[in-house]
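A quick write-up on the structure given underneath.
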Amino acid sequence: MNSQSLGSGHEGSLRDQIGAYFQRLRTGEMGALPAVVALVLLAVLFSALSPYFLTKLNFANLFVQAAELATLAIALVFVLLLAEIDLSAGVTAGVGMAIFTILNQKLGLDPFISIVAGLAFGALVGSTLGFFVAKIGVPSFVVSLGFFLAFQGLQLIMLGDGGIFRVDVPFIKSLMNDNLPGWAGWAFLGIMLAVSAFLSLWDRARRRNAGLVNRPISLMFIKLATIAVLGGIAIGILNENRSVSIIDISGVPIVVPVVIGILFVGTFVLDRTKFGRHLYAVGGNPEAARRSGIKVAKVRITAFIVCSTLAVFSGLLHASRIGSVESTAGRTIVLSGVAAAVVGGVSLFGGRGRLVHAVIGALVIAIIDNGLGLIGLPAGINFLVTGGVLTAAATVDALSRKRSSGSIVRT
Amino acid sequence: MAEPLIRLQQVTKSFGPVDVLKGVDFEAYAGKVTALVGDNGAGKSTLIKGLSGVQPYDGGVVSFEGREVHLTNPRQASSLGIEVVYQDLALCENLDIVQNMFLGREELKQGTLDEAAMEFSAIKALQSLSVRTVKSVRQKVSSLSGGQRQTVAIGRTVLRNAKLVILDEPTAALGVAQTEQVLNLVRRLADNGLGVIIISHNLADVFQVCDYISVLYLGNMVARLETVKTTRDEVVAYITGTKVLEGVNE
């Protein structure tokens, strides 16, 4: 292809690529950038305001606090991409955990089988929600609101008023409370780098075989170096003893590789499989998707199944962190999950957003929660700030959507 | 004259008591652009929906490449090589050009999307139409102009190995320069050997790009004209019903 007059965005030097990136920013495709900037600013702000913020212990706590929210936000992205919502995700997780507790503690079943039963319940809820939305055409806001109310009742019936059951299964408790040995943290970083490099080289090989231009390979090395440096710093800090007592606490919290694993698999599905492509298409223009032969209802139902199932997993993380299953679990967290996704840059209008945005958004929400708590401000302020950040993020979303669809708002 | 790519003989379609198509004959040829004109309610859309398989005809004979076919659903029409570009284009703005062109027919390799192969084919399809107006095939459709979007929608039909492309009001929402672009594209489509049918209200466009003009009037095909042998006034007269072709009974 020597007379190629059509580009693909892969041409040009490193400088051209960077220029193209800034061009995309200007046209409103900002992605996670505002959230990353917010994250850095908040970190700087809280470091200045509280002596406890920039400590090794708090650094590790932040990851653990964000993990549960990040998992729920990742789950919600699957339905948000369709411009739908699942308000019942939190209480679905609650009922899923109630099922786990009853099977495991009252009936004495194997904990692993009990977890699978909880996850299966999530899948069942997802397919029911999806059926109502995709086949019958009830707005997801209303169906999931109905489920939200009904499941609160189900939790109370299953666990009793004010019921709290301790979770004593060691491997569940260690999810959020234990750490990897030092070497395992480094090994995990090595695996991340290897997988990332492999995917980049795989794509490059495919493009080369098709006779297409590749981006400069230096770009790949920059990306790998960024992961190596940031990951290396994080693991270096986490591997030091952060305990304030005599018992040694060090290592990467086990939940970190778990969440990164979910993020990786989910992103792979969205970016590289037919289902992922169809999910974005249905979110962008359902009618166009239908006319292209995509089974729109099937895609919608699948997205709800993924969402509810992953939500139950986030419930497992919650149970692991607080060490118990309660009859009121999951009532408020779903709105924080939606907030995390939107703050991170996932569009509520559907079709735009990535899973990593949800994780960054969850970190922003967690850092606000964590930082304000350390400063010692009343809890009310926390809600006010989080609400303000969410409103700002939703506004950015609406404005950038207008801009990229051509009708630029001029003031 | 050569064998027509598609030939309709005495096709009819009724919606309840209303006869929308009252026995229409119509033909389109490979390598030629045929205009389908007529006033609102003349039956243009119904004729096209029958061709695309969305709303099958009630009666009459349809032959494609000389063989009689029954167009009963869009998938089957598409597998024969009949593609329709609707006025609203049916593109996903949040996806890029390549993703849109392969929507619903993604190519897979080792179970994952083969982006490289799709990009290569998309570039080739657009090059076969001498498209130069888009900078990158990885641009999001939301960043494209109306004419460029039309280009993507037409390029998609080429990718699907269409033999007959039906364009519904392709220039309705476009400015002068973009209309020109799209008309050039239509011409090239025909020059590449495809049969093209254009539905249009804009007679200037029709006279510029079409080889034949077929006029529908209240469910009857009242005229089939060669563009070089007719005039604008004559076509308008047929459209408005002030002139009726001899041999056609009301």
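The values are calculated or read from the model by the stated rules, or taken from the named source; none is laboratory data. These figures come from a predicted structure and were not determined experimentally. Here the Cβ is made from the backbone with ideal geometry for all residues, glycine too, and neighbour counts use every protein chain on show. Side chains are part of the model used for accessible areas, which takes the heavy atoms of the whole protein and leaves out ligands, DNA and RNA. Shrake-Rupley method; radii C 1.70, N 1.55, O 1.52, S 1.80 Å.
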So what are the ³J(HN,Hα) numbers for segment B:194-210, from phi and the Karplus equation (6.51, -1.76, 1.60; θ = phi - 60°), rounded to whole Hz, Gly and Pro as x? 8, x, 10, 10, 10, 9, 8, 9, 9, 5, 4, 4, 4, 5, 6, 10, 8
Work out from phi, with θ = phi - 60° and the Karplus expression 6.51 cos²θ - 1.76 cosθ + 1.60, the ³J(HN,Hα) of each residue of segment A:61-66, listed in order in whole Hz, and give x for Gly and Pro. 4, 4, 4, 5, 5, 7
So what's the gap between the Cα centers of segment B:211-233 and segment A:15-65, to the nearest angstrom? 65 Å
Roughly how many debye, to the nearest 20, is the charge dipole of the protein assembly as shown about its Cα centre, given +1 on each Lys and Arg Cβ, -1 on each Asp and Glu Cβ, and no other charges? 900 debye
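Which pairs, out of A:Lys135/A:Lys295; A:Lys274/B:Lys49; B:Lys109/B:Lys140; A:Lys298/B:Lys49; A:Lys135/B:Lys140; A:Lys295/B:Lys44, put more than 22 Å between their alpha-carbon atoms? Show your work: numbers first, answer last.
Details: A:Lys135/A:Lys295 12 Å; A:Lys274/B:Lys49 29 Å; B:Lys109/B:Lys140 24 Å; A:Lys298/B:Lys49 26 Å; A:Lys135/B:Lys140 30 Å; A:Lys295/B:Lys44 29 Å.
Violating the 22 Å Cα-Cα cut-off are A:Lys274/B:Lys49; B:Lys109/B:Lys140; A:Lys298/B:Lys49; A:Lys135/B:Lys140; A:Lys295/B:Lys44.
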Name the aspartates and glutamates eligible as straight-distance cross-link partners of A:Lys106: C-alpha to C-alpha under 18 Å, and not fewer than 8 places from it in the same chain. A:Asp161, A:Asp168, A:Glu326
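If you put +1 on each Lys and Arg Cβ and -1 on each Asp and Glu Cβ, how big is the dipole of segment B:1-107 around its Cα centre, in Debye rounded to 20? All intermediate terms of the calculation are to be shown ahead of the outcome.
On the way: 9 positive and 14 negative charges, 65 e Å.
The calculation lands at about 320 debye.
Roughly how much accessible area, to the nearest 100 Å², goes out of reach of solvent when A and B pair up, both sides summed, probe 1.4 Å?
Values: alone 20440 and 11910 Å², together 29270 Å².
Separately minus together, A and B give about 3100 Å² buried.
Relative contact order (percent) for segment A:271-411, with alpha-carbon contacts under 8 angstrom and 6 or more residues of separation? Can you show the working numbers first?
On the way: 103 pairs, mean separation 27.0, N = 141.
Once normalised by length, the contact order is 19 percent.
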Round to the nearest 0.05 the FRET efficiency obtained for A:Ser174 and A:Ile381 when R0 = 25 Å and r is the Cβ-Cβ distance. 0.15
What residues qualify as long-range amide H neighbours of B:Leu108, i.e. H under 5 Å apart, gap of 5 or more or another chain, H built at 1.01 Å from N? B:Asp114
Averaging over every viewing direction, what projected area does the convex hull of the Cα atoms of segment A:211-328 cover, in nm²? 12.7 nm²
Taking chain B as a Gaussian network, Cα atoms linked when under 10 Å apart, which of B:Lys140, B:Lys44, B:Lys32 shows the biggest mean-square fluctuation? B:Lys140
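Pairs of Cα atoms under 8 Å, at least six residues apart: use those to get the relative contact order of segment A:41-135, whole percent.
Values: 37 pairs, mean separation 15.2, N = 95.
Relative contact order of segment A:41-135: 16 percent.
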The rounded separation in angstrom of the Cα centers of segment B:48-109 and segment A:334-399 is 44 Å
B:Val84 long-range amide H proximity, modeled H, under 5 Å: B:Ile166
Roughly how many whole Å is it from the C-alpha centroid of segment A:131-175 to that of segment B:127-143? 48 Å
Calculated FRET efficiency, A:Ile18 and A:Ile136, Cβ-Cβ r, R0 56 Å, to nearest 0.05? 0.70
For segment A:43-55, Karplus couplings with θ = phi - 60° (6.51, -1.76, 1.60), whole Hz, Gly/Pro x: 4, 5, 4, 5, 4, 6, 8, 10, x, 8, 5, 8, 10
Aspartates and glutamates near B:Lys32 by alpha-carbon distance under 20 Å, same-chain residues fewer than 8 away left out - which ones? B:Glu3, B:Glu65, B:Glu83, B:Asp168, B:Glu169, B:Glu180, B:Asp191, B:Asp205, B:Asp211, B:Glu226
So who's got an amide H within less than 5 Å of the one on A:Ile85, skipping anything under 5 residues away but keeping other chains? H placed 1.01 Å off N, in plane. A:Ser140, A:Phe141
Top of B:Ala125, B:Ala42, B:Ala116 by mean-square fluctuation, Gaussian network on chain B, Cα under 10 Å: B:Ala116
If unit charges are put on Cβ atoms (+1 for Lys and Arg, -1 for Asp and Glu) and the dipole of segment B:48-161 is taken about its Cα centre, the option from B:Leu89, B:Gly60, B:Val131 lying farthest towards the positive end turns out to be B:Val131
What does DSSP give for the protein assembly as shown in terms of the percent of beta bridges that are antiparallel, rounded to the nearest 5? 60 percent
